[in-house]
Amino acid sequence: MSSQEEILNDGRFSCITRDPRFWEMPEKKRKVKIDKRFRSMFYDKKFKLKYTVDKRGRPVNYTSTEDLRKFYALSESDSDLSEDDSKEYTEKKKKKKKAKPKGEADS
């Protein structure tokens with residue numbers, strides 16, 4: 001760490017500590033806020049890919065939803081939707097699709 005301090009105290013590099021371009025991005029600003037219209041991407045099977053190997057061929061147990069949660073966040077008004085709620089939401093959608101319309105009758 002002493003070498004780090006020496007670099008920051010050096011006159012040639014002292015502007016780095018004051019320049020906002022080199023500051024670390026705050027945790028709250030890192031993730032892109034997603035509207036409630038797009039919240040299905042967190043739990044819908046169409047957006048989920050399971051990786052078995054990484055880009056170098058090593059075996060991994062990894063899904064694309066982890067990437068989505070890493071880079072995207074629900075907006076403040078939609079953040080109350082938890083994983084349990086999302087599972088219930090998908091179950092309700094499935095039930096609606098399976099239910100027959102009232103106009104049709106069995107023959």
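The values are calculated or read from the model by the stated rules, or taken from the named source; none is laboratory data. Keep in mind it's a predicted model, so treat the numbers as computed, not measured. As a convention, Cβ positions derive from the backbone with ideal geometry for all residues, glycine included, and neighbour counts pool all protein chains shown.
Looking only at residues of the range 9-41 that are closer than 27 Å to residue 75 by Cβ and among the aliphatic types (A, V, I, L, M), we find that the one that is farthest from the chain's Cα centre (by Cα) is 25.
Residues that are in a helix (DSSP H, G or I) and within 12 Å of the chain's Cα centre (by Cα) within the range 62-77 comprise 64, 65, 66, 67, 68, 69, 70, 71, listed in sequence order.
Filter the range 1-21 down to the residues that are exposed (fewer than 10 other Cβ atoms within 10 Å of the Cβ) and touching a helix residue (DSSP H, G or I) at 6+ places or on another chain (Cβ under 6 Å) and list them by number.
none
Note on the range 25-61: residues that are exposed (fewer than 10 other Cβ atoms within 10 Å of the Cβ) and in a loop (DSSP other than H, G, I, E, B) amount to 6.
All conditions but one from (1) more than 15 Å from the chain's Cα centre (by Cα); (2) modelled with pLDDT of 85 or more; (3) more than 30 Å from residue 4 (Cα to Cα) apply to residue 51; the one that does not is (2).
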